[in-house]
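Peer 1: Take this structure first; my questions come after.
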C-alpha cells in the first residue's frame, strides 16, 4: 500500500499524478502527513529546490528510516512523530507558515505489513497488536476482542470490513473467549474466519482479509479522524493551496469524497430534508471529478497500488 520500500523495487503510489495535482514543481511549503518511508516527500523535494517539507508519521520505525533516506535534504525537511490528526499542532510548532500543499496517503506501509510483531499480516503468526503506533496507549486488537460485546464486534466487522459473515465471525470469537480460549494471535483469527466465511473461488484474497482490515481500522480509529483532518488541512492551507489524499478502500474514499463535496458547497443532506444541516460552505474547488486510479502499468509493477484512489481539492480565496 503506502510507500513500499524502494529497495525492493517498489515506488510510492500514484507518484506522478500526486506531484501534478500538488503542483510540486512550483516550490513552497508542503506537509506530508503520512510520511512513511519518505518516497512521496523525496519526490516533492526533488521537484523544486525552493521546496520545504514537514513530514509527519506516527510510526517511529518508519520515521527513522525516512530520516536516513532524506538526510541529504538537510534543513529543507523537518520530522515530527505524531498522528496526522494532530496536523494543526505540528504545523504551528514548525513555524514555517501556511502550506502550499498537504498530502495524506492512508494505506498501511509495507514496513508495517512485513513487521511480524505488529500483527497486521495474515502471512505471519504473531500477537494480535495492530496498533500503528505501539506507544499510543491504544488498545491492541487482542484487548479489543477480549472486551467488546458480540453485537459491537459484529458491527465493526460489517461496517469497517464490509464482511457479510460478520455476525457469525463475532459469535465464534465471543464463544471462544467465553470458553476460556480467547483469540490472541493472527493465525488463530485467520483460521477461525476462514472456517466461518464461505469462500468465493473468484476471490484471490484470504477470507480473513476484510476482518483484519476492520479490526485495524477500529484499533487505530482511522475513520474517526479522517473528516476532522480534512477540515483542519483546508484551514491550514494558503489560498490556492492543494490537499491531496490517497485512499485504499471504499470507506475512506467515501469520507474523502463527501468531505470534499461539503467543502465545495454541495449539500449532501437527504433530498426531502427541508433545511440543510450538513454545513456545506464553498471553500474549495474539487480538482478530481472522479478519483485518479493507478495505470495498468503501475498496478502490474506494484500490486499493492491496485486499490488506490487519489482525490484533490484547491482552497479558494474566500
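Peer 1: Quick check on my filter: what residues within region 34-46 are more than 18 Å from residue 64 (Cβ to Cβ) and touching a residue at least 40 places away in the same chain (Cβ under 8 Å)?
Peer 2: If the condition is that a residue be more than 18 Å from residue 64 (Cβ to Cβ) and touching a residue at least 40 places away in the same chain (Cβ under 8 Å), then 44 is the only one that fits.
Peer 1: From the list 292, 284, 256, which residue is modelled with pLDDT of 95 or more and within 26 Å of residue 163 (Cβ to Cβ)?
Peer 2: 256
Peer 1: Let me confirm something: among 123, 65, 131, 92, which residue is at pLDDT 90 or above and assigned by TED's automatic domain parsing to the domain that holds residue 206?
Peer 2: Just one listed residue meets the conditions, 131.
Peer 1: So, one more: Consider region 223-245. How many of its residues are within 13 Å of the chain's Cα centre (by Cα) and surrounded by 20 or more Cβ atoms within 10 Å (Cβ to Cβ)?
Peer 2: Residues meeting the conditions: 5.
Peer 1: Further, regarding this structure: Identify the residue in region 189-223 that is in contact (Cβ under 8 Å) with a residue 60 or more places away in the chain and outside any helix (DSSP H, G or I) and, among all such residues, is nearest to residue 107 (Cα to Cα).
Peer 2: Selected residue: 222.
Peer 1: Do any residues in region 171-188 that are touching a residue at least 60 places away in the same chain (Cβ under 8 Å) have Cβ atoms under 9 Å from those of residues that are surrounded by fewer than 17 Cβ atoms within 10 Å (Cβ to Cβ) and assigned to a strand (DSSP E or B), where the two are at least six apart or on different chains, and which pairs are they?
Peer 2: Taking only residues 6 or more apart or on different chains, the pairs are 185/127; 186/127.
Peer 1: Name the helices (runs of 4 or more DSSP H) wholly inside region 18-98 in which the number of residues that are within 23 Å of residue 134 (Cα to Cα) and out of contact with any strand residue (DSSP E or B) (no Cβ under 8 Å at 6 or more places or on another chain) is 2 or more.
Peer 2: Ranges flagged: 60-69, 87-94.
Peer 1: Being assigned to a helix (DSSP H, G or I), within 22 Å of the chain's Cα centre (by Cα) and within 28 Å of residue 34 (Cα to Cα): is that true of residue 139 here?
Peer 2: So residue 139 fails the test.
Peer 1: If I ask for residues that are under 10 Å from residue 13 (Cα atoms) and surrounded by 20 or more Cβ atoms within 10 Å (Cβ to Cβ), which ones from region 305-318 would you list?
Peer 2: 305, 308, 309, 310
The values are calculated or read from the model by the stated rules, or taken from the named source; none is laboratory data. In this text the structure is predicted, and so the values were computed from the model without any measurement. Virtual Cβ from ideal backbone geometry, glycine too; neighbours counted across all protein chains shown.
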